[in-house]
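The values are calculated or read from the model by the stated rules, or taken from the named source; none is laboratory data. Keep in mind it's a predicted model, so treat the numbers as computed, not measured. Accessible surface is based on the protein model in full, side chains and every heavy atom, while ligands, DNA and RNA are left aside. Shrake-Rupley method; radii C 1.70, N 1.55, O 1.52, S 1.80 Å.
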Amino acid sequence: MASDPDKLMAKADKMTKLSLTRWNADWRNATALYEQAGNAYRLARKFEQAKEAFEKASKGHEMQASPWDAAKHMETAAALAKDVGKWNEVSDFYRRASELYIECGRAQPASDALAKGARALEDAVPDGAIQLYTDACTVLEEDGKEQMAFDLYRAATSVYIKLEKYTDAATFLLRLALAADKCNATHSQCKAYLSAIIVYLYAHDFEQAEKCYNDCCQVDAFMNSDQNRAASRLMSAYTDGDVEEIKRAAQSSIVSNLDHVIIKLARKLPTGDVSGLKRGAIETEDPLDEDDLT
């Protein structure tokens with residue numbers, strides 16, 4: 001019988017169903033059988049059945065007030081859901097595992113579970129991956145562990161860039177900068193600011209890039225940084241409409257020390273016509289009529 005997972009599952013199911021002769025479910029013994037069945041199915045590469053077995057084993061541990069073990073088995077079920085391409089279950093199971101870790105008061109594994117789900121979904125369901133990354137960051141933020149979330153902010157930014165959602169990518173980089181500020185991680189903070197400016201420039205949104213740059217310059221740590229000097233050089237090259245200088249600025253060693261996904265964007269600057277950004281061109285526009293408030 002030990003080698004027949006179907007019989008193990010049937011026996012375990014019977015132990016958890018109440019009847020005239022069974023008034024109390026035997027979750028302790030049933031859970032052990034579900035675990036044995038799950039391992040046997042997995043060895044036989046019957047991933048769908050293994051997933052169901054570990055899902056039931058997780059419930060068994062919940063019924064025994066053991067959320068940590070329940071979370072571990074729910075993560076196993078989530079990984080198996082990935083193997084069979086059931087993406088909704090991947091998300092649902094990792095979320096449930098995270099909730100169970102929260103019940104244990106363990107923010108780090110709760111965030112890790114969401115991040116595993118995000119990585120599993122990146123290619124198949126990128127929007128779902130972003131939501132999981134976002135929630136993983138939030139778990140750590142709420143626990144005062146922003147420094148543990150830096151890689152998650154970067155991962156979410158990378159997915160946004162793949163989806164060509166550049167405004168969202170820049171917003172997430174600014175969220176990383178805020179978290180870095182709370183941790184006194186000045187270098188990471190300044191890199192995030194410069195990265196956000198580059199993302200806006202890549203999206204050819206000079207107005208937003210300039211606003212972002214001006215906002216960043218209100219932060220003392222950024223004002224005195226190498227990243228500010230690199231950003232200032234880029235912005236000046238844009239306002240001069242100097243394509244060659246933009247390219248040179250984007251090749252600087254400071255830019256080359258940013259995350260790879262940002263370096264790739266910088267190497268493609270400028271992405272549009274910058275001649276209209278020249279100071280002379282801007283100054284020839286009609287002056288603002290202060291009496292015309294419409």
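Hey, any idea what % of segment 186-267's accessible area is carbon plus sulfur with a 1.4 Å probe?
It is 43 percent, rounded to a whole number.
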Q: Determine the calculated [θ] at 222 nm for the chain from helices alone, applying -39500 (n - 2.57) to every DSSP H run no shorter than 4 residues and normalising by the residue count; nearest 500 deg cm²/dmol.
A: -22500 deg cm²/dmol
Q) With every protein chain present, what is the per residue accessible area of the chain (1.4 Å probe, Å²)? A) 52
(Q) Output needed for the chain: three equivalent-ellipsoid semi-axes, defined as square roots of 5 times the C-alpha gyration tensor eigenvalues, in descending order, whole Å. (A) 54, 18, 16
Q. When you take every Cα atom in segment 34-76, what is the radius of gyration, and what is Dmax, the widest Cα pair distance, in Å?
A. 9.8, 30
Q: Determine the distance separating the Cα centre of segment 1-72 from the Cα centre of segment 123-199; give it in Å without decimals.
A: 39
(Q) Principal axis extents for segment 13-142, Cα atoms only, whole Å, descending order, please. (A) 49, 33, 22
(Q) With the cut-off at 1.5 for a/c, could you classify segment 118-277 from its C-alpha gyration tensor as rounded, prolate or oblate? (A) oblate
Q. Per Stokes-Einstein, at 10 °C and 1.306 mPa s, what whole-number D in µm² s⁻¹ belongs to segment 157-247, with the Kirkwood radius over Cα pairs as the hydrodynamic radius?
A. 121
